[in-house]
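First up is the structure itself, then whatever we jot down about it.
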Amino acid sequence: MGMIMAIDVEKMKQRLETLRTELEDSLKQLPIAQPFPDNANAEDDTVGDTEDLAVDSQEMQQEQSIKQDQEYQLSEVKAALQRIQDGTYGRCVVDGAEIPVKRLEAIPWASRCIKDEEAWEQEQLRNAPSLPQDNQGTRFS
C-alpha cells in the first residue's frame, strides 16, 4: 500500500463524520411536504386555490429533490466511512486504481478514479429519463 498513505485517512474520516452528522441533521429538519392543505375540498376550488396548489406542488418537488440529493450524498459518505474501516479508502471501487489525493481532498467520499467516474456519469446520463431541454441543450429537472 505504498503511496496511498499520502492521504491523511484520520483527517478524512473526521471530515466525513462531520459531513454525515450535518446531512443527518439537515434531513431531520427538512419539512415533510404536504401535497394538499388539510382543509382542501372539491367544492372550494377557486383560481387562487389552484395557483396555491401549483406553488405547493412545486415547493414539494423541490423539497423532495433536496431530500433525495442529501440522502444520496449521505449514502456516499457512509460508504466512504465503511471503506476507511475496511482499509480500501482511496482506491477506486471499479478497478482498484489509486484515487488522487487532490480528488479525495475535494470530494472526500469519492469512490471512483476520474476515468471510472466519467464512465459512470456517462452511463447515468444514458439511462436517465429524458428531461426537457432548452435550445442550448440545457437539461431541466
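Around Val9, with a cut-off of 11 angstrom between Cβ atoms, what is the net charge of the other residues, counting Lys and Arg +1 and Asp and Glu -1? Provide the component values of the computation, followed by the final result.
Values: positive: Lys11, Lys13, Arg15, Arg83; negative: Asp8, Glu10.
That works out to +2.
Beyond a 25 Å Cα-Cα separation, which of these cross-linked pairs lie in this structure: Lys28/Lys78; Lys28/Lys102; Lys11/Lys102; Lys78/Lys102; Lys13/Lys102? Let's see the in-between values first.
Numbers: Lys28/Lys78 17 Å; Lys28/Lys102 32 Å; Lys11/Lys102 14 Å; Lys78/Lys102 20 Å; Lys13/Lys102 16 Å.
Among Lys28/Lys78; Lys28/Lys102; Lys11/Lys102; Lys78/Lys102; Lys13/Lys102, the Cα-Cα distance tops 25 Å for Lys28/Lys102.
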Efficiency of FRET between Asp95 and Asn127 - r from beta-carbon atoms, R0 22 angstrom, step 0.05: 0.60
Calculate one ³J(HN,Hα) per residue across the stretch 21-30 by plugging θ = phi - 60° into the Karplus curve 6.51 cos²θ - 1.76 cosθ + 1.60, and present them in order as whole Hz with x for glycine and proline. 4, 4, 5, 4, 5, 4, 5, 5, 8, 5
Around Ala119: net Lys/Arg minus Asp/Glu count, Cβ-Cβ under 12 Å: -3
Go ahead and run the numbers for FRET between Glu17 and Glu59, Cβ-Cβ distance against an R0 of 35 Å, rounding to 0.05. 0.65
Under 12 Å from the Cβ of Thr21, count the other residues' Cβ atoms, weight Lys and Arg +1, Asp and Glu -1, and hand me the total. 0
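Can you tell me the order of 121-127, 111-117, 101-107 when each peptide is scored by its average per-residue count of other Cβ atoms within 10 angstrom, highest first? Show your work: numbers first, answer last.
On the way: 121-127: 9.0, 111-117: 16.6, 101-107: 14.0.
Sorting 121-127, 111-117, 101-107 by mean packing, highest first, produces 111-117, 101-107, 121-127.
Quick note: the coordinates plus some simple rules give every number you see, no bench work behind them. Predicted, not measured: the structure shown is a model, and the values here were computed from it. Reconstructed Cβ throughout: ideal geometry from the backbone, glycine too, with neighbour counts over all protein chains shown.
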